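Worksheet: the structure to be examined is printed underneath.
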Amino acid sequence: MPSSSKARSDSARGWYTPKRAVACAALLVSVPIISLGGAALANGVTPEPASTSTTAADQPFTQKVSVEGGRTTWSFSLKDGTALDYADVNVTPKGQTNPHGFRMEGSGDGRTWTFSTDAATTTDAFTYYFVYKVQGSGVNAPTTATFDQSGKPTTPGTPGTPVTGDTFPLHIVAKDSDKADYVTIVGQNTPGHYAYVGADGTVKPVSDQPNGMSFPLASLPNGTVTLPSELQGGRIFISKKPMVMPAATGSDGKPNDSGYAGPNRDNPADPNQGNTFDVFEYTFKSSGGDRPAVHFGGNTTQVDGFSIPMTAELKQDSSGFAEKVGIEGKSASQVVADYKKFVGNDPAFTSLVNADGTHITAPRSSNAFTGAGATYFDASVNGAWAKWKNGFKLVDGHRTFEGKTEGDKLTFREMVEGKQVGEVGSVTKPTTGDVAACAGNLAAGTDADKFVEAHLCAAFNRGIAENDTSTWGDPATYFKAGTTYNKYVDFLHKESIDGRAYGFAYDDVHNQSTVMILPNADVPTSLTLTIGG
């Protein structure tokens, strides 16, 4: 969920699947990480038509859900007119356990907040709740009661602290001990409240870190730490030195647990410069407490870059689930050497390795595709755009889109049984930078636009955009000689177990990523991270 939060679903009728929703753990986070490259909330939903408002005297807020012109809209405001720093609506489709978080748009004075999305492609029920923060208060963000699609409360009051049961062990095996000396585990232990896990399994708010959030791997008995019953948007950093990630500060200048400053290699002033680190992402909430459970979902990721090879092995005895993903049996230096050999003399990709050979920056996080590779994907984009003048058809699951290109626009309609549903969608012709980053013109517009854009970005990165779209789901067609594709991504898939990797933000399209989702909400039996060869 990689560090990027742009991974999207190809599920039926518009709802994003649990697998897609946790592909990047940040997608389940109601409050993004602050300061150094925080994640945007990017899940989309298409709820059942409904219209109601709640103004009960026992609630300090007014909220409303309504459908007009094929769009579902939520609104939220405090009854006393107090301005807010932010408000999020978190939506859970019927039959799913993962809430989809959306940052709402505030009015100019911050007193009224709204969010809208296409609603023409599903009749499924859903529930939702809000997270909000009073402007400049420095007070932790409260979570509201949960409501059904008619706007009626389904749970009273505000959820409290997470339950203490249903913990599970994280085992860390460091075969590349030169790289893996410290561990940092951080995420939301309740919506809007970030916490970190100590070596003894205690959970503390990120605002309470007198000695930082990292602990020495050597301090763990048998390399094992207990993970809590809830940690959403979680990240497990493995690093050479302690990570420096200070808590957010309020208007009073005091730290609070509303967020933390994540590492940013693009910022020369970042205190984590020179520290070798990598990350595993996960999210989980056990079935205890007032809010719905969230199935464990996690993944290794190289969406932002590669420094330390690791595998992640997830087991759950209750379902018989046992799966391992990642890069196995090689040290960091071996992987970097393999990469240099693999990409040869191509300047767009050789430039991704740093001067001391300890890190490979992903194309989306580098300047390579605005410099040495600034036109790298242009010919492929132009070829596809020319091909689609004669028609474009994308079928994925139960969703079908048909259209064609005219000028710089790919215009399309979503079709169900030969009839158009929803509004006409469009994608503006992307640049090489858009393709490399899965951003810009490939991350804009409505939910339907972004669904199509995710598939286009995946096709360009895999070198299949000019193939018949009916073959786009076949991995055997990816990364072929004579086509233009992302060599960084190709390399990672070839280096990884079963050819699964998370090398770019939409690598989960057609299930090519390292995302592992448990089939039920039971606690995992164990999670094991093995570092290096």
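The values are calculated or read from the model by the stated rules, or taken from the named source; none is laboratory data. In this text the structure is predicted, and so the values were computed from the model without any measurement. Using ideal geometry, Cβ is built from the backbone for each residue, glycine included, and neighbour counts are taken over all protein chains shown. When the accessible area is computed, the model is the full protein with side chains, heavy atoms only, and any ligands, DNA or RNA have been set aside. Shrake-Rupley method; radii C 1.70, N 1.55, O 1.52, S 1.80 Å.
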| In order through the range 207-219: 3J(HN,Hα) via Karplus (6.51 cos²θ - 1.76 cosθ + 1.60), integer Hz, x for Gly, Pro | 6, 10, 9, x, 10, x, 9, 8, 9, x, 4, 5, 7
| task | Could you rank the peptides 275-286, 436-447, 466-477 by their average count of other C-beta atoms within 10 Å per residue, with the highest value first? | result | 275-286, 436-447, 466-477
| query | Which residues' amide hydrogens lie under 5 Å from the amide hydrogen of THR400, considering only partners 5 or more residues apart or on another chain, with H built in the peptide plane? | reply | MET415
| Across bins of 10 angstrom width beginning at 0, how are the C-alpha pair distances of the range 347-409 distributed, in whole percent? | 19, 29, 24, 22, 6
| task | Taking amide H positions as placed in the peptide plane 1.01 Å from N, state which residues far from THR112 in sequence (5 or more) or on other chains have amide H under 5 Å from it. | result | SER107
| request: Tell me the label-point distance for the pair ASN354, ASN222, using the 7 Å Cα-to-Cβ offset, in nm and rounded to one decimal. | output: 3.5
| query | Å³ per residue of the Cα convex hull, for the range 304-355? | reply | 105
| How do 82-90, 243-251 rank on mean C-beta neighbours within 10 Å, highest first? | 82-90, 243-251
| Quick one: Karplus J couplings for the range 275-283, per residue in order, coefficients 6.51, -1.76, 1.60, θ = phi - 60°, nearest Hz, x for Gly and Pro? | 9, 7, 8, 8, 8, 10, 10, 7, 9
| Hey, could you pull the Cα Rg and Dmax for the range 281-434, both in Å? | 21.7, 57
| Under 5 Å between amide H atoms, partner at least 5 residues away or on a different chain: which partners does GLN63 have, H built in plane at 1.01 Å? | THR54
| Mind checking the log10 I(q)/I(0) for the range 430-533 at q = 0.11, 0.18, 0.21 Å⁻¹? Debye, one equal scatterer per Cα, no solvent, two decimals. | -0.40, -0.90, -1.11
| said: How large is the translational diffusion coefficient of the range 364-457 in µm² per second when you combine the Kirkwood radius over alpha carbon pairs with Stokes-Einstein at 37 °C and 0.692 mPa s? | reply: 238
| request: Would you kindly compute the Cα radius of gyration of the range 417-467 and its largest Cα-Cα separation (Dmax), both in Å? | output: 11.8, 36
| remark: For the range 461-502, one quarter of the surface area of the C-alpha convex hull, expressed in nm², comes to 3.0
| Backbone HN-Hα couplings from phi across the range 415-428 [Karplus 6.51/-1.76/1.60, Hz, Gly and Pro as x] | 10, 10, 6, x, 10, 6, 10, x, 8, 5, x, 7, 10, 7
| Low-density loop cleavage sites - trypsin sites (Lys or Arg not before Pro) in the range 437-491, where at most 13 other Cβ are within 10 Å (DSSP) | LYS480
| said: What is the percent carbon and sulfur in the accessible area of the range 376-500, measuring with a 1.4 Å probe over the protein chains and ignoring ligands? | reply: 46
| Binned at 5 Å from 0, what are the whole-percent values of the Cα-Cα distance distribution for the range 244-303, short to long? | 4, 14, 13, 15, 19, 17, 11, 6, 1
| field | Per residue convex hull volume, Cα atoms of the range 492-533, in Å³ | value | 113
